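Visitor: The structure follows.
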Amino acid sequence: MKKILPLIIFSLSILFSSNMMGQCPTCVPDESCTSADGFPAVCPLVQPNATAGNYYEEQLTFFMPAEITDPGSGINATLLSVTITSVSGLPYGLQFTLNDPDATYLPSDGENFGCATICGVPLLPGTYSVMITVSALVNALGFEVTQVESFESVLIVDPGQGSANSFSFDNIADCGGLYVNYDALIVVPEPSVVEYSWDFGNGQQSAVKTPPTVFYDEIGDHEVELTTTISDWYLDVVTVSTLNDNWSGDIDDLISTADPYFQIFDGDGNLVYAAAPQDNTTSTSWIGLSYLLSNPPYAIQFFDDDDISADDDLGSTMINLTEGANIFDVGNGTTGVINVTLAVTNAFSDSITVSVLPIPDATIIQNGEVLSFTDPTLTTFTWYRNDVPIQDANTASYTMTEGGEYYAIVGNEFGCTVTSEPVLYCPSFNITFDAVAMEVSVADIYDSYQWYFNGLEVSGATSSYLAVTETGNYAVEITTSYGCTTTSEVLTVDLAVDENTHDGVVVYPNPASQILYLNLIENHPQTVVNIYDLTGRIIAAESIVNNNSTASISISTLAPGIYFAEVNHQRIRFIKR
């Protein structure tokens with residue numbers, strides 16, 4: 001059954017949710033979603049990536065056959081029910097709606113299809129590990145078995161380029177702090193004037209099209225607003241204060257004064273406006289003109305309106321697109337003032353909300369071998385030992401059983417993650433003494449070793465074991481790749497045996513340095529004493545002729561170690577210092 005259930009879980013692994021009671025549109029299963037091998041299937045197999053800040057909606061169908069055959073054992077199993085019990089780690093802002101509100105499907109009763117609609121606006125880009133837990137009831141070989149399994153799947157949220165009607169932005173949310181680049185989208189050709197008024201919702205403002213990057217450090221939502229104003233130039237009032245004398249000479253000028261008027265020419269030289277003549281005056285104003293100056297540069301030319309002869313040219317000047325009263329003097333006696341205004345013709349306002357999400361509190365509490373987190377807002381946990389994820393370690397606490405450097409990556413409901421500070425756990429260990437091998441040793445799993453005898457460093461003793469040749473106190477210091485340096489408890493080894501008695505044979509001293517003595521304290525025939533090393537090889541022999549005599553055997557040439565003296569078929573172990 002272990003081979004069947006993961007396939008069931010896989011068929012449901014796309015059903016992501018941070019809220020099992022989501023409000024996405026209800027879906028209808030696509031019953032063309034099947035599999036050729038009769039195993040559960042998901043359609044489509046690969047879900048599209050989401051984009052941060054953009055609405056996401058995807059409908060999925062999953063196929064759950066009633067009968068499944070385990071390909072390894074050939075066992076037929078009936079899938080009675082499948083229930084989605086929990087989902088964690090979904091990108092904040094996404095939810096889903098199942099077509100079955102109780103999240104339980106009964107394949108054995110013909111409910112072989114289900115579907116879900118995933119929807120929402122994910123805020124943060126990234127790759128999300130989503131943990132789905134399901135409970136499956138399976139009947140195999142006449143037994144009903146309920147198995148609860150977890151499955152980890154991945155959903156990718158791509159960075160998004162957001163846009164309101166009148167401006168764009170490159171980020172909408174982040175954890176702990178938020179950097180956003182803004183750009184106004186509305187531009188107008190000259191001579192129209194566009195003005196931008198930014199309010200970033202954090203006390204900062206700007207009046208340029210592309211402001212410097214804006215940083216938000218206060219947790220919460222910030223409303224960003226841009227007001228874009230478009231203004232155009234208008235000719236409002238033309239006033240002539242004096243006219244040159246070129247106006248006189250026509251018959252009507254003999255009985256009256258000048259009849260001035262003006263014409264306006266645009267940047268292409270086209271006549272675009274002609275003012276009505278003002279009768280019998282050399283000083284007058286044309287008011288309320290409100291003429292749009294959209295194709296500069298503009299020239300204004302003044303004339304005297306004559307009834308009989310051609311109109312008299314009174315001079316010309318350029319119209320400056322400068323707001324207010326622009327004094328002119330054409331240089332021949334014609335002077336006056338041209339009033340130009342810059343008036344708002346259009347205004348647009350748009351706003352968005354950007355968010356600074358809280359960073360989880362990744363403070364580890366250590367109580368002996370138990371590490372834990374106390375922040376109640378944490379929702380996901382991944383524990384590591386020596387930078388390797390620990391299998392099935394995804395709860396708020398973990399008990400250390402092996403030496404190493406431990407830490408965890410934790411996340412909250414918003415998808416914000418942070419890595420805790422590491423905790424160094426140095427292993428405790430004991431020295432063991434092998435009386436047969438005459439060795440002290442520790443596990444051969446550490447990086448380096450240094451042995452000590454009676455508190456002094458033993459030169460060259462840098463392996464996981466040490467040959468024991470003397471009674472005394474033994475200890476070892478180990479180091480690890482993850483930063484531990486630990487010294488063992490002291491182990492006292494007692495080899496101080498003055499003499500060994502074996503069936504009437506006394507061997508002394510033991511341990512020996514230069515001479516080994518063997519004393520036969522009972523009647524024995526002539527006896528040969530053989531000396532063996534640990535491999536069973538005879539390396540020395542000595543005869544004892546008289547009863548109750550003592551034999552002395554020189555061992556000065558022997559290397560320090562463990563040896564056996566064989567007397568009357570008895571082997572007596574002794575030690576050469």
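The values are calculated or read from the model by the stated rules, or taken from the named source; none is laboratory data. Remember, predicted model here, so these are calculated numbers, not experimental data. Cβ sites come from the backbone with ideal geometry, for glycine too, and all protein chains shown count toward neighbours.
Visitor: Considering segment 442-462 alone, what residues qualify as being surrounded by fewer than 18 Cβ atoms within 10 Å (Cβ to Cβ), under 18 Å from PRO427 (Cα atoms) and either without any contact (Cβ under 8 Å) to a residue 24 or more places away in the chain or β-branched (Val, Ile, Thr) (or both)?
Guide: ALA443, ASP444, ILE445
Visitor: Kindly indicate which of VAL344, VAL410, VAL370, VAL388 is closer than 29 Å to ALA184 by Cα and outside the structural domain of THR479 (by TED's automatic domain parsing).
Guide: Numbers: VAL410 fails: closer than 29 Å to ALA184 by Cα; VAL370 fails: closer than 29 Å to ALA184 by Cα; VAL388 fails: closer than 29 Å to ALA184 by Cα.
The unique qualifying residue is VAL344.
Visitor: Continuing with this model, one more query. Please count how many residues of segment 201-234 are farther than 15 Å from ILE172 by Cβ, among the acidic types (Asp, Glu) and exposed (fewer than 13 other Cβ atoms within 10 Å of the Cβ).
Guide: 2
Visitor: Now for a different question. Looking at this structure, is GLU489 charged (D, E, K, R) and buried (at least 17 other Cβ atoms within 10 Å of the Cβ)?
Guide: On the way: charged (D, E, K, R): yes; buried (at least 17 other Cβ atoms within 10 Å of the Cβ): no.
Answer is no for this residue.
Visitor: Look through segment 92-126, keep the residues that are part of a loop (DSSP other than H, G, I, E, B) and free of Cβ contacts under 8 Å to residues at least 60 places away in the same chain, and return whichever of them is farthest from ASN139 (Cα to Cα). Even if it seems obvious, please write down each step before you answer.
Guide: Start the filter on segment 92-126 by keeping residues that are part of a loop (DSSP other than H, G, I, E, B), which leaves 92-93, 99-103, 106, 110-112, 121-125.
Of the ones still in play, those that are also free of Cβ contacts under 8 Å to residues at least 60 places away in the same chain are 93, 100-102, 106, 110-112.
Working: GLY93: 38, ASP100: 23, PRO101: 25, ASP102: 22, LEU106: 13, GLY110: 15, GLU111: 16, ASN112: 16 Å.
Here the residue is GLY93.
A quick yes/no check of all residues on (1) outside any strand (DSSP E or B); (2) closer than 28 Å to PRO101 by Cβ; (3) not small (Gly, Ala, Ser):
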residue	(1), (2), (3)
PHE39	yes, yes, yes
GLY53	yes, no, no
GLU58	no, yes, yes
THR61	no, yes, yes
PRO71	yes, no, yes
ALA77	no, yes, no
LEU80	no, yes, yes
ILE84	no, yes, yes
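Visitor: If you don't mind, there's one more thing I want to ask. Name the residue that is farthest from ASP232 (Cα to Cα), counting only residues in segment 315-325 that are among the polar types (S, T, N, Q) and in a strand (DSSP E or B). Talk me through it step by step, then tell me what you get.
Guide: If we filter segment 315-325 for residues that are among the polar types (S, T, N, Q), which is where we start, we get 316-317, 320, 322.
Filter once more, so that each one left must be in a strand (DSSP E or B): 316-317.
Numbers: SER316: 24, THR317: 21 Å.
Once the filter is applied, the top-ranked residue is SER316.
Visitor: Please note which strands (runs of 3 or more DSSP E) are completely contained in segment 326-393 and include at least 1 residues that are in contact (Cβ under 8 Å) with a residue 60 or more places away in the chain.
Guide: By residue number, 335-357, 378-385.
Visitor: While we're looking at this one, here's another question. Could you grab me the full set of residues in segment 198-222 that are touching a residue at least 40 places away in the same chain (Cβ under 8 Å) and within 26 Å of the chain's Cα centre (by Cα)? Give the derivation first.
Guide: Quick first cut of segment 198-222, residues touching a residue at least 40 places away in the same chain (Cβ under 8 Å) only: 201, 216-222.
Scanning segment 198-222 gives TYR216, ASP217, GLU218, ILE219, GLY220, ASP221, HIS222.
Visitor: Related question: If you scan segment 39-53, which residues turn out to be loosely packed, with under 15 Cβ neighbours inside 10 Å and either in contact with an Asp or Glu (Cβ under 9 Å, 6 or more places away or on another chain) or in contact (Cβ under 8 Å) with a residue 12 or more places away in the chain (or both)? Break it down stepwise before answering.
Guide: Within segment 39-53, the first condition is being loosely packed, with under 15 Cβ neighbours inside 10 Å, and the residues that meet it are 44-46, 48-49.
Scanning segment 39-53 gives PRO44, PRO48, ASN49.
Visitor: Something else: Is it the case, given these coordinates, that ASN430 is assigned to a loop (DSSP other than H, G, I, E, B), over 18 Å from GLY368 (Cα atoms) and over 24 Å from the mean Cα position of the chain (by Cα)? Full working, then the answer.
Guide: On the way: assigned to a loop (DSSP other than H, G, I, E, B): yes; over 18 Å from GLY368 (Cα atoms): yes; over 24 Å from the mean Cα position of the chain (by Cα): yes.
Against the criterion (assigned to a loop (DSSP other than H, G, I, E, B), over 18 Å from GLY368 (Cα atoms) and over 24 Å from the mean Cα position of the chain (by Cα)), ASN430 qualifies.
Visitor: Here's another thing I want to ask about it. Would you check which residues across segment 490-514 are at pLDDT below 60, within 27 Å of TRP451 (Cβ to Cβ) and of a type in the set (Val, Ile, Thr) and list them?
Guide: Residue satisfying the conditions is VAL497 alone.
Visitor: I'd like to check something: does segment 281-301 contain any residue that is closer than 17 Å to VAL337 by Cα, touching a Leu at 6+ places or on another chain (Cβ under 7 Å) and part of a strand (DSSP E or B)?
Guide: Yes - at least one qualifying residue is present in segment 281-301.
Visitor: Regarding VAL436, is this residue outside the structural domain of GLY404 (by TED's automatic domain parsing) and either acidic (Asp, Glu) or assigned to a loop (DSSP other than H, G, I, E, B) (or both)? Working first, answer last.
Guide: On the way: outside the structural domain of GLY404 (by TED's automatic domain parsing): yes; either acidic (Asp, Glu) or assigned to a loop (DSSP other than H, G, I, E, B) (or both): yes.
Taking the combined requirement at face value, the residue satisfies it.
Visitor: Name the single residue that is nearest to ASP232 (Cα to Cα) among those in segment 331-375 being more than 51 Å from the chain's Cα centre (by Cα) and among the β-branched types (Val, Ile, Thr).
Guide: The extreme case among them is THR341.
Visitor: Also, I was wondering about something else. Suppose the filter is over 22 Å from ILE327 (Cβ atoms), assigned to a strand (DSSP E or B) and touching a strand residue (DSSP E or B) at 6+ places or on another chain (Cβ under 6 Å); does VAL272 pass it? Steps first, answer last, please.
Guide: Working: over 22 Å from ILE327 (Cβ atoms): yes; assigned to a strand (DSSP E or B): yes; touching a strand residue (DSSP E or B) at 6+ places or on another chain (Cβ under 6 Å): yes.
Yes: the conditions hold for VAL272.
Visitor: Mind listing just one residue for me: the one in segment 258-269 that is closer than 20 Å to SER241 by Cβ and not in a loop (DSSP other than H, G, I, E, B) and, of those, farthest from the chain's Cα centre (by Cα)?
Guide: Of segment 258-269, the ones closer than 20 Å to SER241 by Cβ are 258-264.
Pick out the ones that are also not in a loop (DSSP other than H, G, I, E, B) and you get 260-264.
On the way: PRO260: 77, TYR261: 74, PHE262: 71, GLN263: 69, ILE264: 65 Å.
Top of the filtered list is PRO260.
Visitor: Given the conditions (1) outside any strand (DSSP E or B); (2) among the hydroxyl-bearing types (Ser, Thr, Tyr); (3) without any contact (Cβ under 8 Å) to a residue 40 or more places away in the chain, which single one is not true for SER309?
Guide: Here SER309 meets the rest and fails (3).
Visitor: Take the residues in segment 397-427 that are hydrophobic (A, V, I, L, M, F, W, C) and in a loop (DSSP other than H, G, I, E, B), then tell me which one is farthest from LEU123 (Cα to Cα).
Guide: First pass over segment 397-427, keeping only residues hydrophobic (A, V, I, L, M, F, W, C): 400, 408-410, 414, 416, 418, 423-424, 426.
Checking the rest, the ones that are also in a loop (DSSP other than H, G, I, E, B) come to 400, 414, 416, 426.
On the way: MET400: 36, PHE414: 9, CYS416: 11, CYS426: 41 Å.
The qualifying residue farthest from LEU123 (Cα to Cα) is CYS426.
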